[in-house]
1. Within the range 83-103, can one find any residue that is within 12 Å of the ligand (Cβ to nearest atom), assigned to a helix (DSSP H, G or I) and over 14 Å from Ala54 (Cα atoms)?
2. From the set of residues in the range 178-192 that are more than 30 Å from Gln222 (Cβ to Cβ) and within 11 Å of the ligand (Cβ to nearest atom), which is surrounded by the most Cβ atoms within 10 Å (Cβ to Cβ)?
3. I'd like to verify a number: residues in the range 193-234 that are β-branched (Val, Ile, Thr) and either in contact with a strand residue (DSSP E or B) (Cβ under 6 Å, 6 or more places away or on another chain) or open to solvent by 10 Å² or more (accessible area, probe 1.4 Å) (or both), how many?
4. Does Ile24 satisfy being β-branched (Val, Ile, Thr) and either open to solvent by 30 Å² or more (accessible area, probe 1.4 Å) or part of a loop (DSSP other than H, G, I, E, B) (or both)?
5. Among all residue pairs at least 6 apart or on different chains, which show Cβ distances below 6 Å where the first residue, located in the range 165-192, is in contact (Cβ under 8 Å) with a residue 60 or more places away in the chain and the second is among the charged types (D, E, K, R)?
6. So which residues in the range 128-147 are within 22 Å of Met228 (Cβ to Cβ) and either crowded, with 20+ Cβ neighbours inside 10 Å or out of contact with any Pro (no Cβ under 9 Å at 6 or more places or on another chain) (or both)?
7. Being over 21 Å from the mean Cα position of the chain (by Cα) and away from the ligand (no atom under 16 Å from the Cβ) is the requirement here; does Leu160 meet it?
8. Which one is nearest to the ligand (Cβ to nearest atom), of the residues in the range 71-81 that are surrounded by 13 or more Cβ atoms within 10 Å (Cβ to Cβ) and farther than 15 Å from Glu176 by Cα?
Amino acid sequence: MYYSGMRYGYGMDPMYILVIIMAILCMVASARVSSVYKKYAKVRSMSGLTGAQAAMEILRRNGITDVTVQLVGGNLTDHYDPRNRTVNLSDATYGSNSVAAVGVAAHECGHVLQHYNGYLPLKIRTAIVPAANIGSKAGIPLLILGMFLSFRPLITLGILVFSLAVLFQVVTLPVEFNASSRALVMLEDYGILGHEEVSASRKVLNAAAMTYVASAASAVLQLLRLIMLNNRRR
Ligand SMILES: [Zn+2]
């Protein structure tokens, strides 16, 4: 969904260079989360609980009985699905008793608790999912069509629609940071991880959070650039 100004005849501009730098930072952040995860996937937790067992323990402690913990395929595909109330843990997380796996499993339970406690940023995020999906698919095509037809209202509409996708990425940030902080507190309070182990889990979760920060910053930058270029055409 990266928008190339070069291709559509805008020419080189300083914002374009920033957009490219941000795209590179996104790649660096995702490479980093893989390497940090790999490192702490080798560190076995003292309690010996697997990701799945840790998740079930956290749910039990919170009196949550209608959420299922299940295995999902893929790499770093762990997520909580509020629609069918399932904590989905990937192969690397579900059956592993590493501090990385337990940290990720607890993070997903953090999302469960946000859902159960009616955490406002999560409500906003869920509410704008459909609009954000339309925004990320239709925003740029509308804008390009508007430029092609030299029809300003269509360009503006494209930018507005695209901004919904950007808003979604920004609202994701408090949701992710809050899920991680809930996770780390619970891991220590419930004695699932020791104090040192919690620090290791924190490193994994922080690295994961950085990927969201990088992609949100990148999206905001793209939006600002579109607005600036649009103003310049006036
Ligand atoms: Zn999350």
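1. No, there is no match, as no residue in the range 83-103 is within 12 Å of the ligand (Cβ to nearest atom), assigned to a helix (DSSP H, G or I) and over 14 Å from Ala54 (Cα atoms).
2. By that ranking, first place goes to Ala183.
3. Applying the first criterion (β-branched (Val, Ile, Thr)) to the range 193-234 yields 198, 204, 211, 213, 220, 227.
Filter again for either in contact with a strand residue (DSSP E or B) (Cβ under 6 Å, 6 or more places away or on another chain) or open to solvent by 10 Å² or more (accessible area, probe 1.4 Å) (or both), leaving 211, 213, 220, 227.
Count: 4.
4. Details: β-branched (Val, Ile, Thr): yes; either open to solvent by 30 Å² or more (accessible area, probe 1.4 Å) or part of a loop (DSSP other than H, G, I, E, B) (or both): yes.
So Ile24 passes the test.
5. Short answer, once both residue conditions are applied: Val175/Arg125; Leu184/Arg202; Tyr190/Arg61.
6. Initially, the range 128-147 is screened for residues within 22 Å of Met228 (Cβ to Cβ), giving 135-136, 138-147.
Listed by number, the residues that qualify are Gly135, Ser136, Ala138, Gly139, Ile140, Pro141, Leu142, Leu143, Ile144, Leu145, Met147.
7. yes
8. The first filter runs over the range 71-81 and keeps only residues surrounded by 13 or more Cβ atoms within 10 Å (Cβ to Cβ), leaving 71-72, 76-81.
Then keep just the ones that are farther than 15 Å from Glu176 by Cα; that gives 71-72.
Working: Leu71: 18, Val72: 14 Å.
Among those that are surrounded by 13 or more Cβ atoms within 10 Å (Cβ to Cβ) and farther than 15 Å from Glu176 by Cα, it is Val72.
The values are calculated or read from the model by the stated rules, or taken from the named source; none is laboratory data. In this text, all values refer to a predicted model and were calculated from it rather than measured experimentally. Note: ideal-geometry Cβ built from the backbone for every residue, glycine included; neighbour counts use all protein chains shown. For the accessible areas, the whole protein counts, side chains as well, though only heavy atoms, and no ligand, DNA or RNA atoms are used. Shrake-Rupley method; radii C 1.70, N 1.55, O 1.52, S 1.80 Å.
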